[in-house]
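Engineer: Structure below; questions to follow.
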Amino acid sequence: MKRILFLGIAVCVAALPAKAQEEKTAREQYEEFRKQAVGEYEDFRRKCNEEYAEFMREAWREFEMGPAVPKPKEKPVPPVVAPIEDREQPVENRPIPFDKVLPVPVVEPQPQPISPIQSPLPDPTWKPFDFEFFGANIRVLLNGEERFHLESCDDNTIADMWLVLADGRYDELLSTCLFHREDRKFCDWAYLLMLQELADSLLGEDSNEAVLLTAFLYCQSGYKVRIARQDEKLCLLYATQNEIYNVPSWTVDGERFYPLGEMRGRVYICAVPFPQEKSLSLAIAEVPYFDEIFSPMRKLLADRFVAMDIDIEINMNLLDFYDTYPTSMIDGDFGTRWAFYANVPPSEEVCAMLYPQLREYIEGKSQWEASNILLNWVQTAFVYEYDDVVWGEDRAFFPDETLYYPYCDCEDRSILFSRIVRDLMGLEVILLYYPGHLATAVCFTEEVKGDYLVVNGKRYVVCDPTFINANVGRTMTDMDNATAHVILLE
């Protein structure tokens, strides 16, 4: 037995060199294929950048700035307080009309480089470079060649520098930026601001060099960008299908481009497109992750359910980012703006703190009971105030913002209520936009009576977070349902 075992081992050992040789050959073949593919990718990107730089020498044209899209002003509808005794009155089923349905905004995958970015092997001489972005410490590696200086802003100087930027020395920097975009769940807007902060920290805030580097990294990441020049000043212009309020833009080849920074009037724009470029989306598919600095604890108490003692604290770094978010609409329809806020979930920190507390009070309840508890909490735990009084203009809140700021209005309450019902009860919710007012309606899977709409074959019961003390199923006083727009949510 030992001899056989020994021979078996000997045979295996003897066979190893040939097998290893086969595996080595396969690995070598794969490595050759990989290097060839990588080389082809790099050649393709290099050729694209070379052609792009050549166009930059002659593709500048003068453009006139277009007017900013004004943020619509409406006469706000004040909250209505229903008599407490009305809660005991029976609610009847009543179908209500509505004007039209706004579809869910399409969220497409984020843009990608025209070819995979291959980082060079790390070199011990490279130095880490840290910069702060809304409290997050972002680290990249620099080889010492990334800093540059523009002698002027003429066409040839910019084209020559673009060729330098595209010669491979910035590939590690670009690869790291794309890694942070994925790792921290940065949406397109957050990613653009991160690139700007990196370039400003590296090359000087708002310098022409910083603008050009931001534009290069943004372009190479797959985004649609144009460079504007006014006298001896450069400005990055980004494209988006959203119509951003109160920000002027330039129309280039039928598409709006907005400035990242201050620039107005007539400018020269390098109008040449880059292959496979995509416009920035203002949708936020996932809450971006920023390092945590929490606000003081806040108590949010419901009037009707006095035992509901909800404690919450908010990440201030996330609030600072949300403060930069451009308010916009799609296809000229003012109602579409709220879907961009309502489709963003609360942050992980808020979900971990808020949802267990709320779940404790609705556990074991019917859908009618649970939704009434949540509705009254949103109706009475927050102080109502008009945006014009607090902010000087209309401003919508993401859920985390409503939980932090001392005042909110109908749209903020409806956005928050729509989120917690979807997240805690697993029910579909729509927004109802009346002129000057925003409410919600819920698609219950149990029998719940009240005012309802039938949308795409589904029955949604009205729930108004601004109709104080009103139960589920009641439309706020004096609402004209025939003018209401239904806003579908994810």
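The values are calculated or read from the model by the stated rules, or taken from the named source; none is laboratory data. All figures in this text were calculated on a predicted structure; none of them were measured in a lab. Cβ: placed from backbone, ideal geometry, glycine included. Neighbour counts: every protein chain shown.
Engineer: Residues in the range 284-310 that are closer than 20 Å to PHE133 by Cα and crowded, with 20+ Cβ neighbours inside 10 Å: how many?
Structural biologist: Final tally of qualifying residues: 4.
Engineer: Would you mind finding the one in ARG422, ARG395 that is more than 24 Å from PRO97 (Cβ to Cβ), surrounded by fewer than 24 Cβ atoms within 10 Å (Cβ to Cβ) and either outside the structural domain of ASP303 (by TED's automatic domain parsing) or in contact with a strand residue (DSSP E or B) (Cβ under 6 Å, 6 or more places away or on another chain) (or both)? Step through it out loud before you land on a result.
Structural biologist: Details: ARG395 fails: either outside the structural domain of ASP303 (by TED's automatic domain parsing) or in contact with a strand residue (DSSP E or B) (Cβ under 6 Å, 6 or more places away or on another chain) (or both).
When all the criteria are applied, what remains is ARG422.
Engineer: Provide a single number: the residues in the range 320-351 that are hydrophobic (A, V, I, L, M, F, W, C), assigned to a helix (DSSP H, G or I) and buried (at least 20 other Cβ atoms within 10 Å of the Cβ). Outline the logic, then answer.
Structural biologist: First pass over the range 320-351, keeping only residues hydrophobic (A, V, I, L, M, F, W, C): 321, 329-330, 334, 338-340, 342, 344, 350-351.
Within this subset, residues satisfying the condition of being assigned to a helix (DSSP H, G or I) are 321, 334, 338-340, 342, 350-351.
With buried (at least 20 other Cβ atoms within 10 Å of the Cβ) added as a condition, the list becomes 321, 338-340, 342, 350.
Counting residues in the range 320-351 that are hydrophobic (A, V, I, L, M, F, W, C), assigned to a helix (DSSP H, G or I) and buried (at least 20 other Cβ atoms within 10 Å of the Cβ) gives 6.
Engineer: Residue check: is GLU182 closer than 27 Å to LYS233 by Cβ, of a type in the set (D, E, K, R) and surrounded by fewer than 20 Cβ atoms within 10 Å (Cβ to Cβ)?
Structural biologist: Numbers: closer than 27 Å to LYS233 by Cβ: no; of a type in the set (D, E, K, R): yes; surrounded by fewer than 20 Cβ atoms within 10 Å (Cβ to Cβ): yes.
In short, no.
Engineer: Here is a further query. State yes or no: is VAL101 under 30 Å from TYR433 (Cβ atoms), surrounded by fewer than 19 Cβ atoms within 10 Å (Cβ to Cβ) and out of contact with any strand residue (DSSP E or B) (no Cβ under 9 Å at 6 or more places or on another chain)? Working first, answer last.
Structural biologist: Numbers: under 30 Å from TYR433 (Cβ atoms): yes; surrounded by fewer than 19 Cβ atoms within 10 Å (Cβ to Cβ): yes; out of contact with any strand residue (DSSP E or B) (no Cβ under 9 Å at 6 or more places or on another chain): no.
So VAL101 fails the test.
Engineer: Quick check: is even one residue across the range 406-413 surrounded by fewer than 18 Cβ atoms within 10 Å (Cβ to Cβ) and within 25 Å of the chain's Cα centre (by Cα)?
Structural biologist: Yes; the residues of the range 406-413 include at least one that is surrounded by fewer than 18 Cβ atoms within 10 Å (Cβ to Cβ) and within 25 Å of the chain's Cα centre (by Cα).
Engineer: Would you confirm whether any residue within the range 430-449 is basic (Lys, Arg) and either assigned to a loop (DSSP other than H, G, I, E, B) or outside the structural domain of ASP309 (by TED's automatic domain parsing) (or both)?
Structural biologist: Residues of the range 430-449 that are basic (Lys, Arg), as a first pass: 449.
Now restrict to residues that are either assigned to a loop (DSSP other than H, G, I, E, B) or outside the structural domain of ASP309 (by TED's automatic domain parsing) (or both): 449.
Checked the range 430-449: at least one residue is basic (Lys, Arg) and either assigned to a loop (DSSP other than H, G, I, E, B) or outside the structural domain of ASP309 (by TED's automatic domain parsing) (or both).
Engineer: Next question, about the same structure. Among the residues of the range 240-257, which ones are in contact (Cβ under 8 Å) with a residue 60 or more places away in the chain, surrounded by 14 or more Cβ atoms within 10 Å (Cβ to Cβ) and in a strand (DSSP E or B)? Please lay out each step first, then the result.
Structural biologist: Keep residues of the range 240-257 that are in contact (Cβ under 8 Å) with a residue 60 or more places away in the chain, which gives 240-252, 256.
Of the ones still in play, those that are also surrounded by 14 or more Cβ atoms within 10 Å (Cβ to Cβ) are 240-245, 247-250, 252, 256.
Passing the criteria: THR240, GLU243, ILE244, TYR245, SER249, TRP250, VAL252, ARG256.
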